[in-house]
Amino acid sequence: MNSRLPTPFRGLRRRLAERAAESDIWEAVELARHDSRPYTLDYADRLVDDWIELHGDRAGTDDHAIVSGVGSFRGRTIAIVGHQKGRDLKERAFRNFGMAQPQGYAKARRVFALADRLGFPVVTMIDTPGAYPGVEAEQGGQAAAIAQSMLAMTRLRVPTVACVIGEGGSGGALAIGVSDRVLMLEHAIYSVISPEGCATILWRDVNQRRKAAAAFKPTARFSYELGVVDTVVPEPSGGAHRDVDRAARLLGDAIGVALDSIEAEPVEQRRALRRAKFRRMGVWLEDGVLVGEKEHEHDPAALPAE
Amino acid sequence: VARDEETEDIQVEVEREETPREQPPARAKLHPNTCPVCKSHYREDELRAVLRVCTVCGHHFPVGAEERVEQLADAGSFRPLAEGLRSADPLAFTDLRPYTERLSEAEVATGLGDALIAGTATIAGMPCVLCTMDFTFMGGSMGSVVGEIFTRASDVAAERGIPLVSVTSSGGARMQENILALMQMAKTVCAVDLLQESGVPYISVLAHPTTGGVIASFAALGDFVVSEPGALLSFAGPRVVQETTRETLPADFGRAESSFEHGLIDAVVKRDDLKAKLGQILRLCAGGTLVPMEPNGEAAVPPPGIVARVLRFLRSSQHGDPHTNGGPA
């Protein structure tokens, strides 16, 4: 069809298509950060019964940017660990905008260890712009805290499911994301740096954030295509905030399916299987041959309908 | 010896008073072989011969991946691994320039396939797997290739039971591979998990700068973590921290010396002493037993470490009284 158009229009059409893709991706970024998007505690409320919140790293601090607790989920006790953002100004400050300090990751590790001892599957909820970039956080070992949290997750004997529910921002997000299955909500984003950070560094202009987002494609669908995410969980039309109860039910169903399938795997192989899962991640050329590109069987259950 | 150290210390103080480090060096205009602190200039061969450490003020210049291997590995002992790996462009990423263009440019500039090289080697006679990073290859950033090379190196170490040594210098994860670059953090951590499960030692050397996704993954997880003087070792860069917190950053923000004070690393080691220090750690890891080496650089009695420890344990439990074991003879 394109070939019949005179040459100048072909360029125009391409530019229009690019612009459309750009605004689609930016829409995902804005939905993922939407003010009324449900946060970890909103899901915990609706997903589990007998919820008990657990506090503190047992070393002097309770980081409010990370919440954790145990509850009963469809017949089993699970532990939930997630980032928590705040809704109004006061709560945002209290939650530090969902940006954890090293003590927050220590809190996560403590709850992982508890869950492992007592046999509770671990469900994590990822929703953070990133780990907190502060002087004290750095002096307290922010980098090592993230690395150790990931390492702690790789060696759990219990099944683990990570859910990217909003903003999956960088190492601070992945710190609680090294799990047997990774779920991602349809309108969540997952990226190595915020679009603003990427625009500032590569374009040297924060106003190019839309372009940056379009270039690095932080969407659920694309993360699935690259094999980073196992299942894209559908959201109510217009986004999870339009119908939080339904969003929680849909997420709960996906978590249930994931836990069932992990529990079917031999427990003594769990750590090796988890390692193998992340071992496969990446796309590169080896002696000129492309390696690692996922040939998706396009499991219809793994992606919501267009 | 003690007197030498004293005089050395005094000299360092004098140098610092003459050239305050706070003064921001006009880095962009300086020749790469001119010391940014004291402006001493070196010919390339001179600088190489002194391990790229300024003989006047002790400033540590950056070292490329291959030169780092030359500095640390015993001559002729390095056998490269995973050489055929190159970055693909899975996102078809273009910022101001296409990713593929930046890659080709870096390949030409450095002569390397990507920002990390790996191989088996001996350091001070001790066998190990050695990985070194090159900051000049796209800021030493970690994409799929860096993650894969580290993982393969680590797997070789785990399989053969020989320690892993990494020397990092990186801005963090490679933005052009976005989520796949982020996943390399998880991948390399999984590789370290296998090393730890296999009881194989891992020594992480942090060179300037080791930041972002590299310090927050494998580089932070060494059984021994040492750094070169003055290296920036923060997760978030100073500018990001300043812009987010609006605080005035301490002058030594994120530097090796500050990290040492806060208990984040085991030692700050000058480059002149690095090889000896690595040799010392490797010998300790092998249980104090020097493993005789064949001329080809392969361990004659593989593998050290675990075997040596198990043998010693067996010997001590056969012949020794467990209650007096470890006590005075």
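The values are calculated or read from the model by the stated rules, or taken from the named source; none is laboratory data. Every value quoted in this text rests on a predicted model; they were computed, and no experiment measured them. Don't worry about glycine lacking a Cβ; one is built from the backbone with ideal geometry, like all the others, and counts go over all protein chains shown. Each accessible area value is taken on the protein alone, full model and side chains, heavy atoms only, with ligands, DNA and RNA left out. Shrake-Rupley method; radii C 1.70, N 1.55, O 1.52, S 1.80 Å.
Return a yes/no flag: does region B:219-232 have any residue that is among the aromatic types (Phe, Trp, Tyr), open to solvent by 10 Å² or more (accessible area, probe 1.4 Å), within 8 Å of chain A (Cβ to nearest Cβ) and not in a helix (DSSP H, G or I). I'd like the intermediate steps shown before the answer.
Taking region B:219-232 and keeping what is among the aromatic types (Phe, Trp, Tyr), we get B:224.
So of that shortlist, the ones also open to solvent by 10 Å² or more (accessible area, probe 1.4 Å) come out as B:224.
Now restrict to residues that are within 8 Å of chain A (Cβ to nearest Cβ): none.
Within region B:219-232 (the criterion being among the aromatic types (Phe, Trp, Tyr), open to solvent by 10 Å² or more (accessible area, probe 1.4 Å), within 8 Å of chain A (Cβ to nearest Cβ) and not in a helix (DSSP H, G or I)), the answer is no, since none of the residues qualifies.
Identify, please: which residue in region B:175-218 is polar (S, T, N, Q) and in a helix (DSSP H, G or I) and is, among those, nearest to B:Arg283 (Cα to Cα)?
Selected residue: B:Gln196.
Note down all Cβ pairs under 6 Å where the first residue falls in region A:35-55 and is at positive phi, the second is at pLDDT 95 or above and open to solvent by less than 20 Å² (accessible area, probe 1.4 Å), and they're at least six residues apart or on different chains.
Taking only residues 6 or more apart or on different chains, the pairs are A:Asp50/A:Gly71.
Spot the failing condition for B:Cys285; the list is (1) within 22 Å of B:Phe135 (Cα to Cα); (2) surrounded by 16 or more Cβ atoms within 10 Å (Cβ to Cβ); (3) touching a Gly at 6+ places or on another chain (Cβ under 8 Å), and only one is missed.
Every condition holds for B:Cys285 apart from (1).
Look through A:Ala254, A:Ala301, A:Ala305, A:Ala264 and report the one residue that is modelled with pLDDT of 95 or more and more than 15 Å from the chain's Cα centre (by Cα).
Just a single option satisfies the conditions, and that option is A:Ala264.
Which condition number does B:Ala236 fail, the rest of (1) within 9 Å of chain A (Cβ to nearest Cβ); (2) part of a loop (DSSP other than H, G, I, E, B); (3) surrounded by fewer than 24 Cβ atoms within 10 Å (Cβ to Cβ) being met?
(3)
Any residue in region A:140-153 that is farther than 23 Å from B:Glu197 by Cβ and open to solvent by less than 10 Å² (accessible area, probe 1.4 Å) sitting within a Cβ distance under 9 Å of a residue that is of a type in the set (S, T, N, Q) and assigned to a loop (DSSP other than H, G, I, E, B)? List the pairs, counting only those 6 or more apart or interchain.
A:Gln142/A:Gln101; A:Gln142/B:Ser234
How many residues does region B:69-83 contain that are part of a loop (DSSP other than H, G, I, E, B), out of contact with any Lys or Arg (no Cβ under 6 Å at 6 or more places or on another chain) and surrounded by 15 or more Cβ atoms within 10 Å (Cβ to Cβ)?
4
Hey, any hits in region B:266-281 for a residue that's within 14 Å of chain A (Cβ to nearest Cβ), surrounded by 15 or more Cβ atoms within 10 Å (Cβ to Cβ), closer than 26 Å to B:Val63 by Cβ and without any contact (Cβ under 8 Å) to a residue 40 or more places away in the chain?
no
So which residues in region B:167-195 are more than 7 Å from chain A (Cβ to nearest Cβ) and within 14 Å of B:Phe135 (Cα to Cα)?
B:Val167, B:Thr168, B:Ser169, B:Ser170, B:Gly171, B:Gly172, B:Arg174
Can you tell me which residue is most open to solvent (accessible area, probe 1.4 Å) among those in region A:75-85 that are at pLDDT 95 or above and of a type outside the set (Val, Ile, Thr)?
In this case the residue turns out to be A:Arg76.
Does at least one position in region A:121-131 carry a residue that is of a type in the set (Gly, Ala, Ser), on the phi < 0 side of the Ramachandran plot and more than 14 Å from chain B (Cβ to nearest Cβ)?
no
Please note which strands (runs of 3 or more DSSP E) are completely contained in region B:84-174 and include at least 3 residues that are surrounded by 22 or more Cβ atoms within 10 Å (Cβ to Cβ).
B:116-123, B:126-133, B:164-170
Criterion first (over 22 Å from the mean Cα position of the chain (by Cα), among the basic types (Lys, Arg) and open to solvent by 10 Å² or more (accessible area, probe 1.4 Å)) does A:Arg33 satisfy it?
Spelling it out, it is not the case that A:Arg33 is over 22 Å from the mean Cα position of the chain (by Cα), among the basic types (Lys, Arg) and open to solvent by 10 Å² or more (accessible area, probe 1.4 Å).
Of all residues in region B:239-254, which are in a loop (DSSP other than H, G, I, E, B) and among the charged types (D, E, K, R)?
B:Arg246, B:Glu247, B:Asp252, listed by residue number.
Within region A:93-117, track down each residue that is touching a helix residue (DSSP H, G or I) at 6+ places or on another chain (Cβ under 9 Å) and open to solvent by 60 Å² or more (accessible area, probe 1.4 Å).
A:Gln103, A:Arg109, listed by residue number.
What are the pairs, 6+ residues apart or on separate chains, where a residue within region B:75-101 that is at the interface with chain A (Cβ under 9 Å from one of its Cβ atoms) has its Cβ under 6 Å from a residue that is open to solvent by 40 Å² or more (accessible area, probe 1.4 Å) and of a type in the set (S, T, N, Q)?
Within 6 Å, the pairs are B:Asp89/B:Thr100.
Please state which of the following conditions A:Pro159 fails to meet, knowing it meets all the rest: (1) facing chain B (nearest Cβ under 10 Å); (2) surrounded by 22 or more Cβ atoms within 10 Å (Cβ to Cβ).
(1)
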